[in-house]
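The values are calculated or read from the model by the stated rules, or taken from the named source; none is laboratory data. These numbers come from a predicted model, not from an experiment. Please note: Cβ atoms are built from the backbone with ideal geometry, for glycine as well, and neighbour counts cover all protein chains shown.
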Amino acid sequence: MRPRVALLGTLALGLLLVSCSGRERSNPLDAANPVSGGAPQGFNAIAGFVSARIVWTPRPDLAIDGFRLYRKAPFDADYVPLAGLQSPSSSSYFDGGLIDGLDYRYRLYFVTQGALSARYAEDIATPGRVRAWTADVAGGRLLQLSPDARDVITVRDGYGAVYSLGVTPDHGPLWIPDNLSGTIRIVDPVNFTAVNVSGFTQQPFTTALDPIDGSAWVCDLSGQVVHLSPSGAPAGGSLPLLLQPAGVATDADDGDVWVTELAGNRVRRYLRDGTPNGARAISSPSRVATDSLTANGWVTSFTTGWVWRIRQDLVVLDSLHLNGPIGVALDWRRRTAWVADALANELVGIDMDTRAVRFRVAGLGEPRDVAVDLDRGEGWVVGRTAGAVYRFSPTGALLGSVGGLGNPHEVRLDRGYQ
């Protein structure tokens, strides 16, 4: 019987050791913990304007002294501590007085009996002045993104099927058309109060703002482009008798309006007061953008794959062929045209003067739209099927991205007054 007793004792001891080992590994301070890895959890550095907000999961339930936060600025040789010991119940820290456009790296440690934990949580933030906005068509959500395109700052629900946005500079109103209900919401981006405008459109789609008075030109796919003031009242005459107007842009200098008629196979141009100023037959035009330096228009066609460069008097200057381009944005300062080639799953950077391709970026998940930060020359791109927005350098290098956005179609930037 002794061998059996010994065997039972060995099994019991083994089970005890396994049980103790399991309890050890469940300890968040244990480096072998499969969830925490021994580091603080929920750590995130969220960029803002000349600032960053650092957040983490509080742990008043642990036998720790608290947390210690460190930062490494671009001009620092190593990480330096911020403030003092943070209590176990603390969950955030505001870091102000930063320099926009520079990378700041942060680390957070547990502190136990006066000593830092062996493992730390780490993140990076790049503050900036840009306020970026997108919308989730499927979820009816409006989302504000951080200026480094790494985080979602704000989420608001109940906006319907939003395929396009209009963003007024310097915290001005957001224009949010709901394609299903026919309602256009003019939203205060600070407190999110809204003026709901209905009765003017049936299928509101893309939007362009007047650079002079902030009024909006909104494409109605049912056959017109309406012109509304920031109060929601009509702002002069609308543009009637159009066949599926899908794209609209305004000239930054004189406010003239360009419209693409997807089903009408035309590009039209109007004076700022809505007076017709010419038309040009173009096969299935999708979107249009204007060159502030030359006043030329750039027009894309998803159906045919062409990108046309069109003079102010609507003479076609030249063209280039891609696969299925939709969105186009022009960095007229650096002479780069950013084109979202959705069918090829590529972002294409084109020299606006020579039409040479400067860069291509693939694998973005159906890039449909692009916006440019003219101050920094950075491009912001929507990947619809990826549910993501990407931020690129002027040469096409990826600087940041944020996913989990559902079904976004467009991104727009508030760069403030220039």
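General observations
- When the test is whether a residue is at pLDDT below 95, outside the structural domain of residue 65 (by TED's automatic domain parsing) and either buried (at least 20 other Cβ atoms within 10 Å of the Cβ) or more than 17 Å from residue 411 (Cα to Cα) (or both), residue 158 does not pass it.
- Taken together, the residues in segment 286-301 that are assigned to a loop (DSSP other than H, G, I, E, B), under 25 Å from the mean Cα position of the chain (by Cα) and either surrounded by 17 or more Cβ atoms within 10 Å (Cβ to Cβ) or of a type in the set (Val, Ile, Thr) (or both) amount to 4.
- Of the strands (runs of 3 or more DSSP E) lying entirely inside segment 139-209, the ones with 1 or more residues being basic (Lys, Arg) are found at 141-145, 152-156, 184-187.
- Test: residue in segment 259-278 that is surrounded by 22 or more Cβ atoms within 10 Å (Cβ to Cβ) and closer than 25 Å to residue 415 by Cβ: yes
- Criterion (touching a strand residue (DSSP E or B) at 6+ places or on another chain (Cβ under 8 Å) and modelled with pLDDT under 95) met by exactly one of 238, 215: 238
- Within segment 189-216, the set of residues being of a type in the set (Phe, Trp, Tyr) and over 17 Å from residue 142 (Cβ atoms) comprises just one member, 200.
- The condition (being surrounded by fewer than 17 Cβ atoms within 10 Å (Cβ to Cβ) and either touching a residue at least 24 places away in the same chain (Cβ under 8 Å) or within 19 Å of residue 248 (Cα to Cα) (or both)) is satisfied by just one residue among 379, 363, 404, 327: 404.
- For residue 103, the conditions (1) on the phi < 0 side of the Ramachandran plot; (2) in contact (Cβ under 8 Å) with a residue 60 or more places away in the chain are fulfilled apart from (2).
- Meets criteria (farther than 15 Å from residue 305 by Cα, out of contact with any helix residue (DSSP H, G or I) (no Cβ under 7 Å at 6 or more places or on another chain) and buried (at least 20 other Cβ atoms within 10 Å of the Cβ)) for residue 374: no
- All told, residue 372 falls short of being farther than 21 Å from residue 299 by Cβ, touching a residue at least 24 places away in the same chain (Cβ under 8 Å), in a strand (DSSP E or B) and among the β-branched types (Val, Ile, Thr).
- Extreme residue, farthest from residue 41 (Cα to Cα), among residues of segment 99-125 that are among the small types (Gly, Ala, Ser) and surrounded by 15 or more Cβ atoms within 10 Å (Cβ to Cβ): 101
- Checking 166, 214, 172 one by one, the residue that is free of Cβ contacts under 8 Å to residues at least 60 places away in the same chain, of a type outside the set (D, E, K, R) and more than 30 Å from residue 85 (Cα to Cα) is 214 and no other.
Here is a yes/no grid of residues against (1) outside any strand (DSSP E or B); (2) within 24 Å of the chain's Cα centre (by Cα); (3) of a type outside the set (A, V, I, L, M, F, W, C):
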residue: 303; (1), (2), (3): yes, no, yes
residue: 308; (1), (2), (3): no, no, no
residue: 312; (1), (2), (3): yes, no, yes
residue: 319; (1), (2), (3): no, no, yes
residue: 339; (1), (2), (3): no, yes, no
residue: 344; (1), (2), (3): yes, yes, no
residue: 350; (1), (2), (3): no, yes, no
residue: 358; (1), (2), (3): no, yes, yes
